[in-house]
Amino acid sequence: MNTDRPHALLLKFPGTNCDVESARALAAVGFDTTTLPISQADSGSLRDADFVMLSGGFSYGDYVMAGRIAQLRIEARLGDALRSFADGGGHILGVCNGFQILLKLGLLPTGSLIDNTSGRFMCRWAGLNVTDRRSPFLKHLPDHFELPVAHAEGRFVAADGLAAEYVAQGLAPLIYENDINGSSERIAAVQSENGRVFGLMPHPERFMERRHHYDADWADSPRGWGFLFFQGLAEELGVAPSPAMV
Amino acid sequence: MHTTEANYQNIPVRDLDGDALLALSKEMKLSLSREDMLAVRTYFREAGREPTDVELEVIAQTWSEHCKHRIFGAKIEHTTNEGSETVDGLFKTYIKKPSEEVFERKPGFVLSAFHDNAGFIRLDDDKAVCLKVETHNHPSAIEPYAGANTGLGGVIRDILGAGKGAKPVASLDVFCFGAPDTPPQGIKARDVIHPLGVMRGVVRGVRDYGNRMGIPTVAGAIQFDETYIYNPLVFCGTAGVIPIRDIDKTMRPGLAVVSVGGRTGRDGLKGATFSSAELTGDSHAEDQSAVQIGNPIEEKKVADFILAAREEGLIEFVTDCGAGGYSSAAGEMLSETGGEVFLERVPLKEPGLSSWQVFLSESQERMVLAADTANLPRLRELAAVFETEMVELGHSDDSGLLKVWHHGELVCELDCGKLHNAPRREMISKWMRPESCRIPALEGDCGGMLRELLGDFAICSRAQIIREYDHEVQGNTILKPLAGARGDAPQDGSVIEVDGSASAMALGLSILPEWGKTDPYRMGLAVVDECVRQLVIVGADPKRIGLLDNFCVGNPEDPKELGALVETTKGIAKAAEAFGAPFISGKDSFYNYFVTDEGPVSIPTTILLSGVGIVGEIGHVTGSSLRSSSSVLFLLGQEMAPLGGSVIARCKRLTGAEVPDTDCAANFTLYEAFAAARTAGLVLSAHDVSEGGLGVALAEAGFSLSAGIEVELPVEHEAAPFLYHEGTGRIVVEVAADKAEEFAATFAGLPLRRLGQTTADHTRLVVHHRGEAVVEEDLAALKSLWKEPLGRWY
């Protein structure tokens, strides 16, 4: 482990499939990253971590509710360690399947991610509006930006009225520009009160560089919006701003 | 769960005559011919004993068309209008020989071809890429979801079993179906699944396997034709990346033979022999056990395990369990050394499997590898890390014999050398080129034709399907299947970035079955041309392209159908040689016909030509969508060609017209000039002219809605045929106005026409001809027409 850099831990389950590009994204903004298969994890695994990420994929196939088996495996292997990490002010990110798992673990405001209204998997790009800025992930991002999405179960729902409350309280920091999957209040991301536990359906790790955009002439930023997303956290954890960002 | 006892029997063959042997083959569903059975009898007469059922099943599987490609090895008496000739093996003559000549012309480019699970070409100094395409037609016909699901799962394992384990990085899928609006009462056989059901099942099968594996499905095509109602075609392909040092693998005596992944059950029995026979209504009831059940998460765990083990240098040899199961995997692995396998060690899904079922089962998600026994402890640790099951099946030795033990009994002992010597087939083929008929002139409302074409199933958008595939997982899809300023316009191919390399990989493909109905030779030329053209357009170096041929044929015993195959093969051979693009892998599928109550219905001879090209620098990647409203539009290539094979000819029922010829050498010169102009920074976008001709190509380029289009057609040609013929070798190129002269200059002496320009009127497509606007359409409206048709059905 390179101790100069903040240490990121990527938890991997059978069926996790965005771990390689997520690790690449974290390395690009200055993290020292370890990918840890859940079979090797235990209550001491988070000891040296500054940041824990759950990336996208289909943990255990997601044949029952997406993320449910992974939640049970985390609880069995790590016990309370992830909750203690969050309670101690640790940063946790869940992307797509990782978001689904964080919700099941109860580390985010209560809610569920269920089948898209289309009933189909959907791979496309989506416009996002920022509604709250307490999270370091959003520090460098403009009020409106785009990210790729790819999911079948991305419709955020919560008990009556809760979704609107989340938006009002700033707990739903990203809202889809258009309704793409039926999410209540068009919610794309939710975060904890302190903004340190963050879950979103879109994939920032897939848009690190300009060339990742579908439009050859896209030039709204020198790097992809995903780079800026991870860059915000890296700076929060002590990585000096990269010259490209200034 | 394991077997508790050996369960096999001896089958007397030594005293049977030809008729009785053939009857035995039918009774056991071995799909072996009379000649094959006579060879079997000879083998066991020499061995001085009767075979076991395990041995007969192993031989049937090893000699099946699916595994041995005996028709591509057969001696064929081929007759055409010009006379007769003897083809001494299609594969040897038209695939291997011209390819090997290219290997020699380009030393160090093709790093492996024809002998491994996939062929490799060099990406850069230390990495290579590979591509493999398989068909899963019969399983998809009787169980579309599971058939396509395991079709993709199987070809992914081919990549994991290529070299010492390549990393799968992208997939492609190509389907041939009946039209989704086929009237149900028009289907003339019972138990045939309606094309819409087949399409829905197949797409979801590919989606659920590819998405769960985390391999982006980035390229594809769908052909609709009534001939595919009874026998749909499902091609699944996967590309991989490997360090060059891990390509070569060799077996030696004393290695442990290890199985990793899923357990073994009755699913997928006799798939190899099942796929080597025709379909009938009874297939739907009787052959269900030949179709396997897919479990992508099991395969994902195996993939993680294989890649980690390869990176740690723990693998000496690896191959997939495909058709034939352990029999074919262990058979392949032990064919040079010999070795022993112990069936009682195989973990099972269900009890009561007989010996041959354990050895032949095609249960999914299993890989077989050979490792130094000293590395077994670490391999066991990795299996625990990735939560997959690993079992030591046996070991290699130096006996030259494949010995299979089951609870202490020797249930199979075959001489590996003799096992692979199937009797050679001798066949007859005949292709008489039909007199091309004169068809009435194509004339009328050019705008109306354009609207009709864009809404036709052959051309309309596949977005509804593309968006169900995760085509961006792994984060390396640089040129996406849908792109342009709005992210929803069609592209000519896909480009995948490769981790740790400045170079990238382009994928392209072509399939033109309509052409082959009239002229299979020209179809062969055209598919190679189109595939190479796509690869070059999206960014590949024209000199660094590898090709794959995947044939699907009806009844090879029908001389006309076999004749069409011979002609197609000659066509692709000629084109591949002219383009200097070798074949690195391929596959063939026969017996794609269905016996209805009214007689057999065959598919037209179909070839999927796919290719992988090396993109030297990411900066070479070029999209097909217009980018600027002040550009010049050029048309590269020969301007006129006959209408045969075109979508407009089919729409207007102009049948029997001559299909276009292709001058591959001239086209290659053109593509090299194009690549040079692109490298010099002179190209903004480029789109190939293919289905729907120039008219559709212009409209599709305009679907970015970044610019209007205004072009002028040459006075010497009639407008409609000029706009809608599908002659090969043509590219529409967008060039910045201030670079137009420099661009044109690089094509001196080559066919190039300045067609017109893009305009600031972003929704207008205007085509002038002889002083008249023959097309004046709203691009946004055309785009809606193009986007909708499949959505109504899918």
Sole residue being within 26 Å of B:D208 (Cα to Cα), basic (K, R) and within 14 Å of chain B (Cβ to nearest Cβ), chosen from A:R124, A:R155, A:R77: A:R124
Selection status of B:T3, open to solvent by less than 50 Å² (accessible area, probe 1.4 Å) and over 21 Å from B:A323 (Cβ atoms): yes
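Working only within the stretch A:197-224, note down all residues that are surrounded by fewer than 22 Cβ atoms within 10 Å (Cβ to Cβ) and more than 10 Å from chain B (Cβ to nearest Cβ).
A:R210, A:A219, A:D220, A:S221, A:P222, A:R223
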Residue list for the stretch A:10-25, filter: aliphatic (A, V, I, L, M) and surrounded by fewer than 24 Cβ atoms within 10 Å (Cβ to Cβ): A:V20, A:A23
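Residue by residue, here is whether (1) aromatic (F, W, Y); (2) at pLDDT 95 or above; (3) open to solvent by less than 10 Å² (accessible area, probe 1.4 Å); (4) out of contact with any Asp or Glu (no Cβ under 9 Å at 6 or more places or on another chain) holds:
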| position | (1), (2), (3), (4) |
| --- | --- |
| B:E65 | no, no, no, no |
| B:I71 | no, no, yes, no |
| B:S84 | no, yes, no, no |
| B:D88 | no, yes, no, yes |
| B:H115 | no, no, no, yes |
| B:S140 | no, no, yes, yes |
| B:R157 | no, yes, yes, no |
Total residues in the stretch A:40-63, condition open to solvent by 80 Å² or more (accessible area, probe 1.4 Å) and without any contact (Cβ under 8 Å) to a residue 40 or more places away in the chain: 4
The stretch B:290-330, residues that are away from chain A (no Cβ under 14 Å) and of a type in the set (K, R): B:R310
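The rows are residues; the columns are (1) in contact with a helix residue (DSSP H, G or I) (Cβ under 8 Å, 6 or more places away or on another chain); (2) open to solvent by 60 Å² or more (accessible area, probe 1.4 Å).
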{"position": "B:L713", "(1), (2)": "yes, no"}
{"position": "B:L723", "(1), (2)": "yes, no"}
{"position": "B:T728", "(1), (2)": "yes, no"}
{"position": "B:A748", "(1), (2)": "no, yes"}
{"position": "B:G756", "(1), (2)": "no, no"}
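Every residue in the stretch A:43-66 that is closer than 26 Å to A:D115 by Cα, within 14 Å of chain B (Cβ to nearest Cβ) and in contact with a helix residue (DSSP H, G or I) (Cβ under 9 Å, 6 or more places away or on another chain), please.
Correct list: A:S55, A:G56, A:G57, A:F58, A:S59, A:Y60, A:G61, A:D62, A:Y63, A:A66.
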Answer residue from the stretch B:215-229, given it is surrounded by fewer than 24 Cβ atoms within 10 Å (Cβ to Cβ) and more than 15 Å from the chain's Cα centre (by Cα) and is nearest to the other protein chains (Cβ to nearest Cβ) among those: B:F224
Which numbered condition B:A441 fails, given (1) at pLDDT below 95; (2) open to solvent by less than 60 Å² (accessible area, probe 1.4 Å): (2)
Residues that are part of a helix (DSSP H, G or I), more than 11 Å from B:F747 (Cβ to Cβ) and open to solvent by less than 30 Å² (accessible area, probe 1.4 Å), drawn from the stretch B:669-686: B:Y671, B:A675, B:R678
Matching option when the condition is farther than 30 Å from B:R544 by Cα and open to solvent by 20 Å² or more (accessible area, probe 1.4 Å), among B:Y94, B:Y145: B:Y145
Residue within the stretch B:515-531 that is in a strand (DSSP E or B) and open to solvent by 10 Å² or more (accessible area, probe 1.4 Å) present: no
Members of the stretch B:439-474 that are outside any helix (DSSP H, G or I) and of a type in the set (D, E, K, R): B:E443, B:D445, B:D456, B:R462, B:R467, B:E468, B:D470, B:E472
Residue within the stretch B:17-29 that is open to solvent by 30 Å² or more (accessible area, probe 1.4 Å), touching a Lys or Arg at 6+ places or on another chain (Cβ under 9 Å) and modelled with pLDDT of 95 or more present: yes
Count of the stretch B:311-343 residues which are over 21 Å from B:L379 (Cα atoms) and either surrounded by fewer than 21 Cβ atoms within 10 Å (Cβ to Cβ) or touching a helix residue (DSSP H, G or I) at 6+ places or on another chain (Cβ under 7 Å) (or both): 10
Condition met for B:G400 (small (G, A, S) and open to solvent by 30 Å² or more (accessible area, probe 1.4 Å)): no
Wholly within the stretch B:580-663, strands (runs of 3 or more DSSP E) carrying at least 1 residues that are open to solvent by 20 Å² or more (accessible area, probe 1.4 Å): B:583-589, B:593-596, B:599-602
Selected residue (only one of B:C437, B:C460, B:C446, B:C416 is away from chain A (no Cβ under 14 Å) and closer than 29 Å to B:K92 by Cβ): B:C416
Subset of the stretch B:769-794 (residues that are open to solvent by 50 Å² or more (accessible area, probe 1.4 Å), part of a strand (DSSP E or B) and out of contact with any Ser or Thr (no Cβ under 6 Å at 6 or more places or on another chain)): B:E772, B:E776
Close pairs from the stretch B:758-786: first on the phi > 0 side of the Ramachandran plot, partner open to solvent by 50 Å² or more (accessible area, probe 1.4 Å), Cβ under 6 Å, at least 6 apart: B:R770/B:V715
Odd one out for A:F227, checked against (1) within 18 Å of the chain's Cα centre (by Cα); (2) surrounded by fewer than 18 Cβ atoms within 10 Å (Cβ to Cβ): (2)
Residue in the stretch B:718-731 that is in a strand (DSSP E or B), within 27 Å of the chain's Cα centre (by Cα) and either within 17 Å of B:A540 (Cβ to Cβ) or not basic (K, R) (or both) present: yes
Any hit, the stretch B:369-376, residues being modelled with pLDDT under 95, surrounded by fewer than 20 Cβ atoms within 10 Å (Cβ to Cβ) and either away from every other protein chain (no Cβ under 14 Å) or touching a strand residue (DSSP E or B) at 6+ places or on another chain (Cβ under 8 Å) (or both): no
Members of the stretch B:283-310 found to be of a type in the set (D, E), at pLDDT 65 or above and open to solvent by 10 Å² or more (accessible area, probe 1.4 Å), listed by number: B:E298, B:D304
Residue check, B:G205 within 14 Å of chain A (Cβ to nearest Cβ), over 17 Å from B:D456 (Cα atoms) and not in a helix (DSSP H, G or I): no
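The values are calculated or read from the model by the stated rules, or taken from the named source; none is laboratory data. This is a predicted model, so every value here is computed, not measured. All Cβ positions, glycine included, derive from the backbone under ideal geometry; neighbour counts span all protein chains shown. Surface areas here come from the heavy atoms of the whole protein model, side chains and all, with no ligands, DNA or RNA. Shrake-Rupley method; radii C 1.70, N 1.55, O 1.52, S 1.80 Å.
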